[in-house]
Amino acid sequence: MVESSGKSGAAGPSRRRVTAAMASGLVGAAYAAGTPAARADERRKPGGRHGPAHHDVLFVSAHPDDEAGSLSTFGLWHERRGVRTGVVTITRGEGGGNAVGPEEGAPLGMLREDEERSATALAGIENIFYLDKPDFWYTLSAPLTERIWHEQDTLERIVRLFRMITPHTVVTMDPRPFNQHGGHQMSARLAIEAFFLAGDVTAFPDQLTCEGLRPWRPRRLLSQNDSFSDLLGPDAPEKHRTDPDTGLPVLGFWSGHVSRRHGKTWAQVERDASRMYRTQGWAAQPPEVPTDPEKLDSDWFSVLVERGEIVRARVREQEELRPLYAEFSAWTRKVGLPWLANAAQPDYPAAPSTTVPEVAVAPVLNGVEGEGEYPGPELRLRHWEGDEVPDADCSATAKLSRHGDDLFVLVTVVDDRAGTALGQDDAKRHWRTDSVEIALDPRGDGDDTSTTFKTGIFPFTAGDGGPAAERDADNRQGPAAKTAPGMRVAAKVGDPYRGYTVEARIPLGELPAAADPERFAVNVLVYDSDTDDKTGQTRLAWSPFGSAQADPYVWGTARLEGYTPPADRPTDPADPEIPTEAARSEDSAASVAQARRTGVPLAGGPRPCRS
């Protein structure tokens with residue numbers, strides 16, 4: 001879901017070599033295996049091409065399933081050219097949802113490892129190297145992810161893997177920040193830095209002097225690129241393409257080639273694999289892809305390094321960068337790839353604004369709008385993500401008011417079908433079924449949601465259990481009874497079902513900092529699920545741009561009329577509480593067996609020091 005804009009810039013001489021490679025997807029696959037000189041060089045090195053640790057291609061990502069959109073390419077390379085691909089997965093996705101059961105944290109991570117190993121095996125991938133870093137909630141912040149992953153430790157592990165696995169091609173995710181998971185961004189940053197550091201004798205020298213490893217210089221660096229996903233048919237990747245933002249050349253590999261092993265297109269094999277990620281709700285995808293070749297897409301990759309040389313492009317500076325984008329721009333200059341920051345900050349639309357009126361009498365919390373309780377304007381929620389549907393299928397409005405130190409929110413939802421009713425003990429990960437999310441940035445200056453208050457409210461739960469509320473992906477997460485004990489919710493559900501109304505009282509004292517009455521920022525979002533399999537179909541938001549639930553830059557301003565926060569309330573947000581539970585490779589029989597088979601230590605850890 002990466003949105004991009006801008007005009008292409010000129011690349012350097014390396015582009016001409018890449019253009020020749022684009023004449024055929026299979027030629028590109030041959031390049032992925034390395035040049036003849038590189039292949040001869042690897043055979044001379046211990047643990048080279050014929051060693052159990054060696055892989056021609058190494059894909060570096062954040063979570064199980066991040067490779068799913070590239071499996072048709074990896075499978076094609078493997079089958080047609082004998083290219084051996086391995087995967088580095090930094091976390092096991094412990095912070096994701098679970099559409100199949102109650103597991104979360106480390107047990108969920110183990111389920112996701114099983115899914116990833118089964119899915120990637122269809123593309124001929126034998127080995128996945130997990131780094132045992134924690135996956136927490138969905139954030140758009142690479143800097144926040146960096147803190148949780150202990151960036152230098154993770155970087156050292158990836159450099160070690162490069163030196164042991166000796167890949168000639170490294171493929172990673174898109175490092176650009178807008179509308180993308182911070183874990184995806186950070187895994188790409190780490191892969192890019194490791195690509196250059198693995199061949200540097202001054203980088204992590206103990207790996208060389210103590211562990212007996214040798215410097216290794218991969219020759220090609222690719223990053224996933226979703227900007228061309230609408231280009232269909234076998235001819236699409238045959239044309240020279242340039243990324244409109246970075247100016248870098250882009251390679252495409254068509255998914256319509258037929259697999260000899262599977263007897264079906266690689267697009268179909270990739271879909272079969274994707275449906276194996278059941279915990280993420282992907283089993284709900286249609287089982288069949290189109291059989292018309294003109295309706296099949298390609299996997300696309302930007303070329304960052306080719307034959308050991310950086311592919312250069314024109315740098316186009318942006319002005320007035322917000323902090324998250326300024327930090328990314330500084331990082332691109334540090335690693336010598338400043339064109340990656342071209343047009344990285346989108347042209348944000350003007351955020352909506354409203355005034356929250358003060359009421360003399362507190363609204364009665366019953367899921368019904370009483371006279372005079374919400375005298376302010378009605379805020380219409382608009383389509384944000386997923387299926388665009390008629391108003392009768394899903395539409396919503398919100399109203400706000402304040403009484404004393406309490407914020408009141410009333411959300412009215414029209415819905416034609418109720419989603420899964422979760423149990424009260426499973427009232428979390430609210431996007432899995434019908435729910436309302438209220439996002440509040442008390443100071444109006446958050447760069448990520450760790451300084452905000454976000455609550456998900458289920459209008460109904462199993463067994464007529466009534467509404468339930470939790471907090472997710474914010475300053476403090478968990479059931480509202482523990483994380484916001486002063487909060488109260490009520491709901492009224494139509495009978496027969498035609499939708500519901502959710503009403504919430506949120507004490508401003510529960511927010512991570514004092515509310516600034518002039519800059520107070522809000523977003524109200526609705527998640528609509530029309531199925532029983534814990535997957536969503538349509539999402540609405542008051543301010544629907546990009547990752548509307550996770551990007552405080554998008555949220556609208558809601559001026560708190562007549563409000564002055566208590567003088568003793570802090571203006572600096574409290575330090576966030578972030579879950580750091582991670583599944584461990586030592587507890588995975590598959591990972592332990594892989595370490596024995598390849599000689600690569602668990603979690604990319606150090607080899608015993610040579611005496």
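The values are calculated or read from the model by the stated rules, or taken from the named source; none is laboratory data. What you see is a predicted model; the values in this text were computed from it and never measured. Positions of Cβ are generated from backbone atoms using ideal geometry, with glycine treated the same way; all protein chains shown enter the neighbour counts. All accessible areas refer to the heavy atoms of the entire protein, side chains included, with ligands and DNA or RNA removed. Shrake-Rupley method; radii C 1.70, N 1.55, O 1.52, S 1.80 Å.
Here are a few things to note about the model shown:
- When the Cα gyration tensor is reduced to axis lengths a ≥ b ≥ c, the ratio a/c is 1.5 or higher for region 279-417, and with a/b not above b/c it is classed as oblate.
- Shown here for region 423-530: GluC sites (Glu not before Pro) in loop regions (DSSP other than H, G, I, E, B) with at most 10 other Cβ atoms within 10 Å, namely GLU518.
- Loop GluC sites (Glu not before Pro), region 305-376, which have at most 12 other Cβ atoms in a 10 Å radius of their Cβ (DSSP): GLU317, GLU319, GLU320, GLU371
- Rounded if a/c under 1.5, otherwise prolate or oblate - region 424-558, Cα gyration tensor axes: prolate
- Its Cα centre serving as origin, region 473-540 has a Cβ charge dipole (Lys and Arg +1, Asp and Glu -1) of approximately 200 debye.
- Summed residue charge, Cβ within 15 Å of GLY404's Cβ, Lys/Arg positive, Asp/Glu negative: -2
- Region 387-429: relative contact order as a whole-number percent, Cα under 8 Å and 6+ apart: 36 percent
- Scanning the chain for cysteines with no neighbouring cysteine C-beta under 4.7 angstrom from their C-beta gives CYS394.
- Of THR202, ILE128, GLY105, farthest towards positive along the dipole that unit charges on Lys, Arg, Asp, Glu beta carbons give region 100-239: THR202
- Among 243-256, 398-411, the order from most to least packed when residues are scored by Cβ within 10 Å on average: 243-256, 398-411
- Normalising the average separation of contacting C-alpha pairs (under 8 angstrom, six or more residues apart) by the number of residues puts the relative contact order of region 225-311 at 40 percent.
- Computed E for ASP416/VAL258 - FRET, C-beta separation, R0 45 angstrom, nearest 0.05: 0.65
- Partner lysines whose Cα lies under 24 Å from the Cα of LYS295, excluding those fewer than 8 positions away in the same chain, are identified as LYS239, LYS264.
- Nearby aspartates and glutamates by direct alpha-carbon distance to LYS334 (threshold 12 angstrom, same-chain neighbours under 8 apart not counted): GLU193
- Here percent of Cα pairs over 47 Å apart was computed from the coordinates, and among [x] 39; [y] 17; [z] 12 the match is [y].
- Radius 13 Å from Cβ of GLU581, net charge of other residues (Lys, Arg +1; Asp, Glu -1): -4
- Normalised contact order of the chain, rounded percent, pairs of Cα under 8 Å and 6 or more residues apart: 16 percent
- Area accessible to solvent at TYR527, 1.4 Å probe radius, in Å²: 10 Å²
- Proximal lysines to LYS492, defined as alpha-carbon separation beneath 28 angstrom and excluding residues fewer than eight positions away on the same chain: LYS399, LYS428, LYS454, LYS482, LYS534
- ASP200 versus VAL100: modelled label distance in nm, points set 7 Å from Cα along the beta carbon direction: 4.1 nm
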